[in-house]
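Enquirer: Have a look at this one.
The values are calculated or read from the model by the stated rules, or taken from the named source; none is laboratory data. Predicted model, so just to flag it, every value in this text is computed and none were measured. Neighbour counts are summed over all protein chains in view; Cβ atoms, including those assigned to glycine, are modelled from backbone coordinates with ideal geometry. The protein model used for the area step is the full one, side chains on, heavy atoms only, and it has no ligands, DNA or RNA in it. Shrake-Rupley method; radii C 1.70, N 1.55, O 1.52, S 1.80 Å.
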Amino acid sequence: MQLPRYLDSTSRRNFVVLPIGLLLVESLLARGWPEINLAGLILLPWGYLQYRLAGLYRRRRGGGGPGMAVPPERLVTTGIYALTRNPMYLGHLIFIAGLAISLRSWIAFAVLVAYLPWFHARVRRDEARLRDLFGTEYERYAQRVKRWIPFII
């Protein structure tokens, strides 16, 4: 089954469709507006801005397109990319965690858990491509900078 063109974009699915869908489902389950955990709300702008600003930085410093469809021309290892190799994907996950916490939603938590292996597989494909493009420069970068969480994993 082919997704509508609008849904081809992971960012549109995660930052637009998912929150609207979760809010609707949680509202139906709560039979009204769901109770919001204010502590989780900070993760929503954090996740989105991390995704957006890291993408703009990568395009400005490395060239290429917004995703790997048009790969970067130069390897970006500065800014947030000096802390994590995948700040854009991590921004998606932070945003979804914010949805789960702010909506107190087991459904959003299940989406987050389901996304973890999906994003990890996508990162592995992207890393293989970057390794092919940049060779030992990428290898040295990957040894210095963690894949997901700065200084941890």
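Enquirer: Quick one: helix 18-30 against the long Cα principal axis of the chain, what's the angle to the nearest 10°, folded into 0 to 90?
Expert: 20
Enquirer: Also, I was wondering about something else. With the Cα gyration tensor of the range 1-91 in hand, convert its eigenvalues to equivalent ellipsoid semi-axes via √(5λ) and list them largest first in whole Å.
Expert: Semi-axes from the Cα gyration tensor: 31, 18, 7 Å.
Enquirer: Here is a follow-up. Compute the accessible area per residue over the chain, keeping the other protein chains in place, probe 1.4 Å, unit Å².
Expert: Here the residues of the chain average 61 Å² of exposed surface.
Enquirer: Let me spell out the model: positive unit charges on the Cβ of Lys and Arg, negative unit charges on the Cβ of Asp and Glu, origin at the Cα centre of the range 39-153. What dipole size does that give, in debye rounded to 20?
Expert: 120
Enquirer: Once the Cα gyration tensor of the range 100-143 is diagonalised, what are the square roots of 5 times its eigenvalues, in whole Å and ordered largest first, as equivalent ellipsoid semi-axes? Could you put the intermediate results ahead of the total?
Expert: Values: eigenvalues 219, 20, 7 Å².
Semi-axes (√(5λ), whole Å): 33, 10, 6.
Enquirer: First compute the accessible area of the range 1-87 with a 1.4 Å probe, then give the percent of it belonging to carbon and sulfur atoms.
Expert: It is 65 percent, rounded to a whole number.
Enquirer: Could you check the simple spin-label distance between Met68 and Asp126, using points 7 Å along Cα→Cβ, in nm with one decimal?
Expert: If labels sit at Met68 and Asp126, their model points lie 0.8 nm apart.
Enquirer: Rg to Rh ratio, the range 4-49, alpha-carbon atoms and Kirkwood radius? Provide the component values of the computation, followed by the final result.
Expert: Numbers: Rg = 12.5 Å, Rh = 11.9 Å.
With Rg and the Kirkwood Rh in hand, the quotient comes to 1.04.
Enquirer: Return the sequence-ordered ³J(HN,Hα) values of the range 47-63 in whole Hz as given by the Karplus equation 6.51 cos²θ - 1.76 cosθ + 1.60 applied to θ = phi - 60°, using x for Gly and Pro.
Expert: Coupling constants for the range 47-63: x, 5, 5, 4, 4, 5, 5, 5, x, 5, 4, 4, 5, 5, 8, x, x Hz.
Enquirer: With a cut-off of 8 Å between alpha carbons and a minimum separation of six or more residues, what is the relative contact order of the range 46-153 in percent?
Expert: Worked out over the range 46-153, it gives 29 percent.
Enquirer: Please report the net charge: other residues with Cβ closer than 13 Å to the Cβ of Leu93, K and R +1, D and E -1.
Expert: Working: positive: Arg122, Arg147; negative: none.
So the environment of Leu93 carries a net charge of +2.
Enquirer: Bin by bin, in steps of 5 Å, what percent of the Cα pairs in the range 2-153 do you find, going until the bin that has the longest distance?
Expert: Result returned by the calculation: 2, 9, 16, 21, 19, 13, 9, 6, 3, 1, 0, 0.
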